[in-house]
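Colleague: Sharing a structure, written as structure tokens. Questions coming.
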Amino acid sequence: MCGAPEQGGGLAGVDLTTQTVIQGQVWHDGSPVAGAYVRLLDATDEFTAEVVTSPEGHFRFFAAPGDWTLRSLSPLGRAERSLAADIGLNETTLAIA
Amino acid sequence: MSRTDVLVTADWAQEHLGQPGIVFVEVDEDTSAYDKGHIEGAVKLDWKTDLQDAESRDFVDREGFSALLSAKGISNDDTVVLYGGNNNWFAAYAYWYFKVYGHGDVKLIDGGRKKWELDSRPLSADAVERPATSYAAGEPDASIRAFRDEVVDAIGTKNLVDVRSPDEFAGKLTAPAHLPQEGAQRAGHIPTAVNVPWSKAANEDGTFKSDEELAKLYADAGLDGTKDTIAYCRIGERSSHTWFVLRELLGHENVKNYDGSWTEYGSLVGVPIAKGA
């Protein structure tokens, strides 16, 4: 399977002692944004993966410890955030101005 | 062959909706995307259930592809306009697949579903029915599809282009980062392959970069234009995207897609594997 799994939902079955999960929501004007394209860029700004947000605006990546950048594209606009991820759950929010 | 023969803009697509002789085809792995909304009149192909044999790891055979397209209402002389999610990965795979079976006029919508959505263009959830046809697929074209023995023989002699992400190429991962790590027995890459991630050929909205940018990208990576080229990834869909760039946009003559890709090569007994950047 090469497409993105369905976004959102629980973390049952995900081993947070080994996986580095980066997840969160895209927001705009007080509401979550469905159908936004969120991409994960590595520390050299290289494209790593891309998913489409769920109806509740959720996205999730399985990454590795380190520095990452999240960037979202949607008809409403763009948002970007950098973060340092560790093993376990790393939650963040992307707010479209 | 030039860019305008094989690639259409979203504007062109929208202007040609419903035109006789043109069939829009959405190709996704996630077929729920199509069901929630698709370009008006477009039919759906599921890359796995429609395009892969149910038992052996291979294409559906010539008869199977003929039956599939007949049922979808596609004729041999139709212009097939493909688009899909994942930056057109599976649409590019289908493009290559249609070419293997000799379909004449095939095009991709530049940017695929992503560009269409980012432009807020209309989508329809209406069911699409087309009258059945009698499609006749051609003999599979072996000049654009590579198999494992040829790939092993290509080490050090032909261009091998690994289009996966740098971490997959280096052997740190065996699958893209948004997926469970699965697939091959061993991680790494085919010795002498150059790593040009597919994503470098695309803009953020999923459209292809300009011919000038693309030519520079592969020249800078050390691709020898005088040699034959084999592109591979993990299962052959991202490398279809690069195959499309090299052969259809840049006009390189002998370019093959190795759809066995890393899930096959990385599980072969006795072949050399390289690691690191």
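Colleague: Show the residues, 5+ positions off or on another chain, whose built amide H is closer than 5 Å to the amide H of residue B:82.
Modeller: Amide H to amide H, under 5 Å and 5 or more residues apart or across chains, residue B:82 pairs with B:25, B:107, B:108, B:109.
Colleague: Let me ask something else. Could you work out which residue, out of A:56, A:46, A:80, moves most in a Gaussian network model of chain A, that is, has the largest mean-square fluctuation with Cα springs under 10 Å?
Modeller: Among A:56, A:46, A:80, the largest mean-square fluctuation in the Gaussian network model of chain A belongs to A:46.
Colleague: Moving on to the next point. Largest first and to the nearest Å, give the Cα extent of region B:95-216 along each principal axis.
Modeller: 48, 38, 36
Colleague: Count neighbours as other Cβ atoms within 10 Å of each site's Cβ, and list the GluC sites (Glu not before Pro) in region B:101-166 that are DSSP loop with at most 15 such neighbours.
Modeller: B:129
Colleague: Using alpha carbons only, how many degrees (0 to 90, rounded to 10) separate the axis of helix B:62-72 from the longest principal axis of chain B?
Modeller: 40 degrees
Colleague: If the cut-off is a Cα-Cα distance under 15 Å, which aspartates and glutamates reach residue B:114, setting aside same-chain residues fewer than 8 apart in sequence?
Modeller: Cross-link targets: A:50, B:11, B:26, B:28, B:29, B:30, B:204, B:205.
Colleague: Going by alpha carbons, how many degrees (0 to 90, nearest 10) lie between the helix axis of B:211-220 and the longest principal axis of chain B?
Modeller: 20 degrees
Colleague: Could you tell me the relative contact order of region A:20-96? Use alpha-carbon pairs under 8 Å, at least six residues apart, and round to a whole percent.
Modeller: Taking the mean separation of contacting Cα pairs over the length of region A:20-96, I get 40 percent.
Colleague: In a Gaussian network model over chain A where Cα atoms closer than 10 Å are linked, find which of A:14, A:51, A:33 has the largest mean-square fluctuation.
Modeller: So, out of A:14, A:51, A:33, the one fluctuating most is A:14.
Colleague: Please report the spacing between the Cα centers of region B:86-143 and region A:50-97 in Å, no decimals.
Modeller: Going from one Cα centre to the other spans 30 Å.
Just so you know, all these numbers are worked out from the coordinates, no wet-lab data involved. As the structure is a computational prediction, the values presented were derived from the model and not from experiment. So basically every Cβ, Gly included, is an ideal-geometry build from the backbone, and we count neighbours across all protein chains shown.
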